[in-house]
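A quick write-up on the structure given underneath.
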Amino acid sequence: MSTQITWKHLALWALFLGGMALLPMLVGKGTLRTIIFANYLAIFAMSWDVLSGRTGYISFGHPFLIGIGAYTTAILSYRFDVPVGISIPVAVIVTMAAGTLFFLPALRIKGTYFALVTLAFMELMYQLVQVIRPDLTGGTRGISGVQTLTRGAVNGYYLSLALMGVIAISLWAMMKTRLGTALSAIGMNEEAVEGSGLNTTKLKLFAFMVGAGVAGIGGAFYVHYLGSIAPRALFDINFLFTIIVAALIGGASTIIGPMAGAFFLTFLLEYLRPFLPGAERYFIYGSIALILYMYEPKGLYEILRKARERLTGANA
Amino acid sequence: MTVILELEHVVKRFGGLVATNDMSFEVAKGESVGLIGPNGAGKTTIFSLIMGEHKADSGSIRLHGEELTKLATHKRIRRGVARTYQVPRPFADMDVLANIEVGLMPDSIMAMIFTAPADEEARAIARSVGLNDADLHRDPAELSMGDLRKLELARTLATKPEVMLLDEVFAGLTAGEIEQISGLLNEKRQEGMTYVIVSHDLRSLEPLIDRAIAMTQGTFVCQGDYATVMSDEAVRMAYLGH
């Protein structure tokens, strides 16, 4: 599983991110705003994948973690005038602490039961932010007028790209180590990992904290991009499934997969908008995701990998 | 002889069923012991209790005199005891080399991040159990049952055990594969490995063990050399009903 990081890998990353950096010169501001959302969705999908795609503990409550990060920095900066240089790191730390809370059910349950408990976390958060201290959370209406970090689509795009690039390369490098192999092994057969002399509780806790930390970073920066936060948009089942489907159809247990899935889904939903402005779009996107998933359960990443294998095989 | 593994008055109940009923036995360093009994005798439960996969209701399990019952499975493995399973449980999406590599990993997250995979050691272990270099990059799904058993042995050996618990190590193997696995086990035995072996294939088991312990319905019946145990009336009753 774990392979050496080579100059070829780094060159491919540089090429990808360099190409992305040129996009503002090639596309309009509307498209750029769509890509900004895709970048953040890629961050959320990568964080879900660290937690669920690797270890096999499928979380249905990821917006809970994103929400903790987003609300923490929004409340600190908007209500208490805490500088964002402080409120964002605090938000990430608080989200990581919430990740350990998320981890508790994973000590005893897995599979469907774990998924349902994490879904309950999200629902609980949705209800609580509306009734507990609405003077802080803004209740059902949320908070608007949160400080933004950038002005204009181009700057917002570069910030989101830098964030996605740093997170993707860091996670990719981490997953290339023996740790990545061990986390993937947990997803395949947790008992056999324990039976190989490894402390699976410690490994899962680490994965949950890293996944939560990335969700916290994504949530915090996203709220400072949007400038507002509302519980209905954040703790939404469609948002949750967009994150999960992005990771799954892109290719769980990889880094490129969730990124590719996030871009595929964002543009699919965007291009369907003129034809189907309502929620019907989700029917089409659900059908496409289902067909793709049935055709190749390992996602777009595997389809591309097989295509490359066929091409290089044909050339050999 | 130095005692390496001791079980003393171990009891395990699953609801109303007493799966392990006051079992006590010792295994000396370098010894090979066969644990025999009919289906449902509680042999695999003994292995699960030693490994901590089931918690004993009472009694003591010691390795080198150290109490194991309070330790988690991974800690018991680090102390020097490991097991194989009746049905091999490889990591399906990893090749053979990576499967063995999991058994060689340090149990520290920092060490996992900052140390390189022990590929050479994994290759050496693979060769020592008779896996070919051509098999190393195969997925477990492509292996024969014999090679899967070898992989299971390799993964277990990678944890550097002093005592190996082998559960139905000959199940599903051809006569040739049984001969090969027996040869491997004997080689490791010459190097000082201690075994507790469960097998229904008594003919293949006999040459591998110094001593047999018979049990039925979770209860100790008798122990001694293979011939003595097999001629014991209670053992014949448990196996053959007469």
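For the reader, a short list of remarks on this structure follows.
- Residue tally, condition over 26 Å from A:ALA252 (Cβ atoms), open to solvent by 10 Å² or more (accessible area, probe 1.4 Å) and either touching a strand residue (DSSP E or B) at 6+ places or on another chain (Cβ under 9 Å) or at the interface with chain A (Cβ under 9 Å from one of its Cβ atoms) (or both), over region B:60-103: 14
- Within region A:175-195, residues that are facing chain B (nearest Cβ under 7 Å) have Cβ atoms under 7 Å from residues that are assigned to a helix (DSSP H, G or I) and among the acidic types (Asp, Glu) in these pairs: A:THR181/B:GLU101, counting only partners at least 6 apart in sequence or on another chain.
- For A:ALA260, the stated conditions do not hold, so it cannot be described as within 30 Å of A:ILE86 (Cα to Cα), modelled with pLDDT of 90 or more and among the small types (Gly, Ala, Ser).
Yes/no per residue for (1) buried (at least 16 other Cβ atoms within 10 Å of the Cβ); (2) hydroxyl-bearing (Ser, Thr, Tyr); (3) not in a loop (DSSP other than H, G, I, E, B):
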residue	(1), (2), (3)
A:LEU240	yes, no, yes
A:VAL245	yes, no, yes
A:LEU269	yes, no, yes
A:PRO274	no, no, no
A:TYR285	yes, yes, yes
A:TYR301	yes, yes, yes
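- Matching residues in region A:1-27 - criterion: being within 24 Å of A:VAL154 (Cβ to Cβ) and in contact with a helix residue (DSSP H, G or I) (Cβ under 9 Å, 6 or more places away or on another chain): A:TRP13, A:PHE16, A:LEU17, A:MET20, A:ALA21, A:LEU23, A:PRO24, A:VAL27
- Filtering A:ALA289, A:ALA279 for residues that are under 19 Å from A:SER52 (Cβ atoms), out of contact with any strand residue (DSSP E or B) (no Cβ under 8 Å at 6 or more places or on another chain) and either modelled with pLDDT under 90 or open to solvent by less than 40 Å² (accessible area, probe 1.4 Å) (or both) leaves a single hit, A:ALA289.
- Test: A:PHE60 is crowded, with 21+ Cβ neighbours inside 10 Å and over 19 Å from A:GLY218 (Cβ atoms): no
The values are calculated or read from the model by the stated rules, or taken from the named source; none is laboratory data. Bear in mind that the values here come from a model prediction, so they are computed numbers and not experimental data. Neighbour counts are summed over all protein chains in view; Cβ atoms, including those assigned to glycine, are modelled from backbone coordinates with ideal geometry. Note: accessible area is taken over every heavy atom of the protein model, side chains too, but ligands, DNA and RNA are not part of it. Shrake-Rupley method; radii C 1.70, N 1.55, O 1.52, S 1.80 Å.
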